[in-house]
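Accompanying notes for the structure given below.
The values are calculated or read from the model by the stated rules, or taken from the named source; none is laboratory data. None of these values were measured; they are calculated from a predicted model. Cβ placement follows ideal geometry from the backbone for every residue including glycine, while neighbour counts extend to all protein chains displayed. Quick note on the areas: whole protein, heavy atoms, side chains included, nothing else; ligands and nucleic acids left out. Shrake-Rupley method; radii C 1.70, N 1.55, O 1.52, S 1.80 Å.
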Amino acid sequence: METHARVVVIGGGVTGCAILYHLAKMGWRDVVLLERKELTAGSTWHAAGSLFALTNPSSAAVLQKYTIELYPKLEAESGQSCGYHPVGGMHLARTDDQLTALQILHSRGKRNGIESEFISVDEARRLAPILNTAGLKAVLYEPLKGYCDPASVTQAYAKAARDMGAKIYRQTPVTGTKPHPAGGWTVVTPQGDIRADYVVNAAGLWAREVAALAGIKLPLQPVEHHYMVTETIPEIAAMDREVPNISEPSGGYYSRQEGKGLLLGAYESKCVHWAEQGTPLDFSHELLPDDLGRIEANIARAVQALPCLETAGIKRIINGPMIFSPDLGPLLGPYPGLPGYFCACGVMSGFNQGGGVGKVIAEWIIEGEPSIDVFFWDVTRFGDWAGSRFTRERTRYFYEHRTDIIYPFQEFAAGRPIRTFPIHDRLAEQGAVFGFNFGFEYPLWFARKGEQAADAYGYGRGNWFDAVGEECRAVRDGVGLLEISTFAKYEVTGTGVAAWLDNLLANRMPKAIGKTVLSPMLSPKGRLIGDFTVSRLGEERFILLGSGPMQRYHMRWFAQNLPADGSIRVENLSARYGGLQIAGPAARQLLQMVAADDDVGGNAFPFLSAREMAVGACPNAIVVRVSFTGELGYEIYMPAEYQRGVFEAITAAGKSLDLRFAGSRALLSLRVEKGFPSWGVDLSPDYSPYEPGLGRFVRLEKPDFIGKAEAARLASLPPKERLATFVVDANGIDCFGGEAIYRNGELAGYVTSATYGHHVRESLALGYVKPQYFEDGAAFEVELLGKRRPARMSQRPRFDPEGTRMRS
């Protein structure tokens, strides 16, 4: 066995083999895969192998499409059949909301070229004579649906990788992973040690145990999952082709052809966890005792659509374990604080996603970053707060509700609350309805007296619509108070800190103490990986403010780029500091009332400035004059122990100004009126700074910064897309993101975030369109809930386009 390899992949399931294949395909042949038993052991061998591309978010659909389209190429390269059957598939809808969910899925797929079409019930019966169409409202047909043979796919990845020079060692359990003093890792096995530059934990059911060898704990939990295979079904045997895959939203089942019968899988209404304290090391190709009583209701719903199941004999029942993260998505990418250690764990649908996962992990290792935004699967999206109780309760909820409709703006209570800031109870007293952000509770909106402080979901305007309207008008007309503790907050200090930040970020760092700039952060390939408010509080002290959910991702990037001599320190203050924002025409008056020792006048404390000052009882609050609302505003950050006192001071002083509480849904409306893009919806690594209009913050005249060369190249080219505001004739409903945008009947782009603009009284959307369609005032159509609604583009913000109010 080798004593050195550039990469050691741990785990011989479909994910590990796909990673090995892609590493070799990209030219790294000195790569090794170690499998504790035999390839496919664990979850891979008993997987159903169903395939589909239509899903959310957008990048997940791209990766699933890539995986499916890879199979014919993989067969050709390896000479090994993948058992690939591109039979197409049908999504069934029985209710109005199920139909709407399919219309949204159909529209979102267009962004990535994923074909689908609504077909008649007659066509559905022709494609699938076994289908009972009674009671169906609609059928969405997806050509990319199909299935594959799990063992064959895994072996094809393995053979193709071997043919390119990669090595695979079976019956080789990993008993240790130790960081090497000179860099890289020592991987310990009974057959000897391997020095590796990189280690990839793709150990599937044993990912927790492999992670523990490196001293880390991953939020993963195995659950049991049933499917069954029938004997021959005469109606299928009589067909001269295969029946398409059939699934039903809210039905809790999926089906595909298997031989001349059917495979029927079920997401049980009662999730049963397995091996909660650790996966047995001697487990391999075993199954778990079946319990058909748990899927009785699922079978009954399936029989309604597929009556042939009622009389079909059962050939075998599969109850096997699968391992999930709290949101059922994979955990991918470099683990923070462990250079060279990558995760590729919790891949729920390995045959749908494995090729895409293999591709992005190989790109990440070889090129330094994946070619597509995968933060929604990044291991950094969970922090230490995602403990065993949270993981257990979240996996239970999302498994049991796997096929439920997810409505716009829906929040999930399972596993909450975990973390709260000191004024949580005071906000609850004011009617706050809370959302969830990186383990913390934060206010979405405030119910008025007599209203239930809870969301009611649907596809129309939510029950919060009127209350949010009042919150928005209070900010525009007077002053509002927003709790912003979940914003990420970093203190950066040290000798030469300004020069270090100048190299890390694309904008010029403020030279004068008390000044603030807005700055993108770019990857070496010029892609957006951050968007920060940067304030200089001292000669060698800066504060960076950014996206709360991205804080572990950003801390990983900061750590990767810190000087080896320890001269720069980045401290994440996000959980230790609370935050409050006051915004509106009366915000300055209110701040002056609670910060009487400081002059906060327009000249003394101008837009884009910051200072440390006493606010209420807090002697050292950090106050930054920025605005995400488009109004005169101040963000106030303080050590958490002072938040309650500052809150009391502001609310007491604010009574004379009719201060109103406002939540994040009001902030959404206010920022979209102003045309401000937000991280995670309008901004992501899928864009350079030029598509969303952030190019003005990229200082190419600086001597150097990460991503400069590629940013300069991109600046000389037309942007791939451009972000604009759209005023939508929404007829009493609003977009919420993902909708297709058309110009003269041609697909032109897609919506990224949307809401109702309560001040301008317009239904608004931010969206990207291709450059040839970018024209101020031009007529467009937005595909909203299955219908194309008229819209017009506005290159300028709908509210205060000159920005005079926030600079006043």
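Figures for the structure shown
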| item | result |
| --- | --- |
| Criterion violated by Gly496 - all others in (1) under 26 Å from the mean Cα position of the chain (by Cα); (2) at positive phi; (3) not acidic (Asp, Glu) satisfied | (1) |
| All positions within the stretch 400-448 that are under 22 Å from Phe487 (Cα atoms) and aromatic (Phe, Trp, Tyr) | Phe409, Phe412, Phe421, Phe434, Phe436, Phe438, Phe440, Tyr442, Trp445, Phe446 |
| Condition broken by Gly732, with the remaining ones in (1) out of contact with any strand residue (DSSP E or B) (no Cβ under 7 Å at 6 or more places or on another chain); (2) at negative phi satisfied | (2) |
| Filter result for the condition that a residue is in contact with a Ser or Thr (Cβ under 7 Å, 6 or more places away or on another chain), surrounded by fewer than 23 Cβ atoms within 10 Å (Cβ to Cβ), closer than 30 Å to Gly415 by Cβ and of a type outside the set (D, E, K, R), over Tyr254, Tyr267, Tyr335 | Tyr267 |
| Candidates Lys217, Lys178, filtered to the one that is of a type in the set (Lys, Arg), in a strand (DSSP E or B) and open to solvent by 40 Å² or more (accessible area, probe 1.4 Å) | Lys178 |
| Residues satisfying the stated conditions in the stretch 125-155, i.e. hydrophobic (A, V, I, L, M, F, W, C) and either on the phi > 0 side of the Ramachandran plot or touching a Phe, Trp or Tyr at 6+ places or on another chain (Cβ under 8 Å) (or both) | Leu127, Ala138, Val139, Leu140, Leu144, Cys148, Ala151, Val153 |
| So Asp686, is it among the acidic types (Asp, Glu), modelled with pLDDT of 95 or more, crowded, with 21+ Cβ neighbours inside 10 Å and within 22 Å of Gly738 (Cβ to Cβ) | no |
| The one condition in (1) at pLDDT 95 or above; (2) in a loop (DSSP other than H, G, I, E, B); (3) of a type outside the set (Gly, Ala, Ser) that Lys315 fails to fulfil | (2) |
| Hey, Ala666 within 25 Å of Arg611 (Cβ to Cβ) and either assigned to a helix (DSSP H, G or I) or small (Gly, Ala, Ser) (or both) or not | no |
| Ala101 in a helix (DSSP H, G or I), of a type outside the set (Ser, Thr, Tyr) and open to solvent by less than 30 Å² (accessible area, probe 1.4 Å) | yes |
| Members of the stretch 744-778 that are under 27 Å from the mean Cα position of the chain (by Cα) and of a type in the set (Lys, Arg) | Lys770 |
| Every residue from the stretch 23-58 that is out of contact with any strand residue (DSSP E or B) (no Cβ under 9 Å at 6 or more places or on another chain) and either under 15 Å from Gly350 (Cα atoms) or open to solvent by less than 10 Å² (accessible area, probe 1.4 Å) (or both) | Thr40, Ala41, Thr44, Thr55 |
| Qualifying helices (runs of 4 or more DSSP H) (wholly inside the stretch 340-448; at least 2 residues being more than 28 Å from Glu470 (Cβ to Cβ) and out of contact with any helix residue (DSSP H, G or I) (no Cβ under 9 Å at 6 or more places or on another chain)) | 350-367, 388-400 |
| Matching residues, the stretch 770-808, being closer than 21 Å to Gln103 by Cβ and in contact with a Lys or Arg (Cβ under 7 Å, 6 or more places away or on another chain) | Phe780, Glu781, Val782 |
